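Novice: Before anything else, here's the structure in question.
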Amino acid sequence: MKIARHAQIIKLINQYDIETQEELAKKLEESGFAVTQATISRDIKDLHLFKVSGIEKKYRYAYINDSEGEISPKMKNLFRDCVVAVKCAQNMVVIKTLTGNGPNAGTVVDKLNYPEIVGSVAGDDTLLIVCENNEAAAAVIEKINDFMK
């Protein structure tokens, strides 16, 4: 049941701009899945769903994919569209994004799994990446710029 429900959630969020857990629960019930708010919350966590700017609504749920380390063309385009600037500050890389897209950029960078990255912290419109050293930060910037082409 869980696998079928997860597949339906992915189908629904790709088909509709779903902004809230309540909207998702309603769409699932319309599809024949009886769910509670707690179930929806767990499913969102299990599927690693996140919010992106919507077309019809302010925000909507989105999904990268379930293949570790792979980034869909849709997610690559989202990253490319939301990044405003990429700058180096010694061993750190600062990525400025459109408002509300710092966590989304962080998700993409985490999926890229660059060995030079020690860790990252995402804010509302900024992603801070900490690298091993200055040279590693420069390499990360080069890789990110190549990724965005």
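Novice: Select from 80, 42, 60 the residue whose mean-square fluctuation is largest in a Gaussian network model of the chain (Cα-Cα springs shorter than 10 Å).
Specialist: 42
Novice: Of 110, 46, 81, which is the most mobile in a GNM of the chain whose springs link Cα atoms less than 10 angstrom apart?
Specialist: Of 110, 46, 81, the most mobile in the Gaussian network model is 46.
Novice: May I ask you to rank 75, 92 by accessible area, largest first, using a 1.4 Å probe over the protein chains only?
Specialist: The most accessible residue leads, giving 92, 75.
Novice: Turning to a different aspect of this structure: What pairs in 27/87; 27/111; 2/96; 57/143; 27/96; 2/87 have C-alpha atoms more than 31 Å from each other?
Specialist: 27/87; 2/96; 57/143; 27/96; 2/87
Novice: Turning to a different aspect of this structure: With unit charges on the beta carbon (Lys/Arg positive, Asp/Glu negative), name the residue among 115, 63, 52 whose Cα is farthest towards the positive pole of the charge dipole of the range 42-149.
Specialist: Ranked along the dipole, the leading option is 52.
Novice: Counting Lys +1, Arg +1, Asp -1, Glu -1, what net charge surrounds residue 9 among other residues with beta carbon under 10 Å of its beta carbon?
Specialist: +1
Novice: Carbon and sulfur together cover what percent of the accessible area of the range 1-148 at a 1.4 Å probe radius? Write down the numbers at each step before the final one.
Specialist: Details: 4290 of 8280 Å².
Result for the range 1-148: 52 percent of the exposed heavy-atom area is carbon or sulfur.
Novice: If I take the Cα coordinates of the range 1-110 and project them onto the principal axes, what are the three extents in Å, biggest first?
Specialist: 53, 29, 24
Novice: Please state the charge dipole magnitude for the chain, taken about the Cα centre, from unit charges on C-beta atoms (+1 on K and R, -1 on D and E), reported in debye and rounded to the nearest 20.
Specialist: For this selection, approximately 300 debye.
Novice: To test your reading of the geometry: what angle, between 0 and 90 degrees and rounded to tens, separates the Cα axis of helix 73-82 from the longest principal axis of the chain?
Specialist: Long axis of 73-82 versus the principal axis of the chain: about 60 degrees.
Novice: Follow-up. Taking the alpha-carbon centroid of each part, what is the distance from the range 3-30 to the range 104-122 in angstrom?
Specialist: Distance between centres, Cα-based: 27 Å.
Novice: To the nearest 10 square angstrom, how much accessible area does residue 33 have with a 1.4 angstrom probe?
Specialist: 30 Å²
Novice: Just to confirm a number: summing +1 for Lys and Arg and -1 for Asp and Glu over residues other than residue 31 whose beta-carbon lies under 11 angstrom from that of residue 31, what do you get?
Specialist: Values: positive: 5, 11, 26, 27; negative: 29, 30.
Net charge around residue 31: +2.
The values are calculated or read from the model by the stated rules, or taken from the named source; none is laboratory data. Predicted, not measured: the structure shown is a model, and the values here were computed from it. Here the Cβ is made from the backbone with ideal geometry for all residues, glycine too, and neighbour counts use every protein chain on show. Protein only, heavy atoms only, side chains kept; ligands, DNA and RNA dropped before computing areas. Shrake-Rupley method; radii C 1.70, N 1.55, O 1.52, S 1.80 Å.
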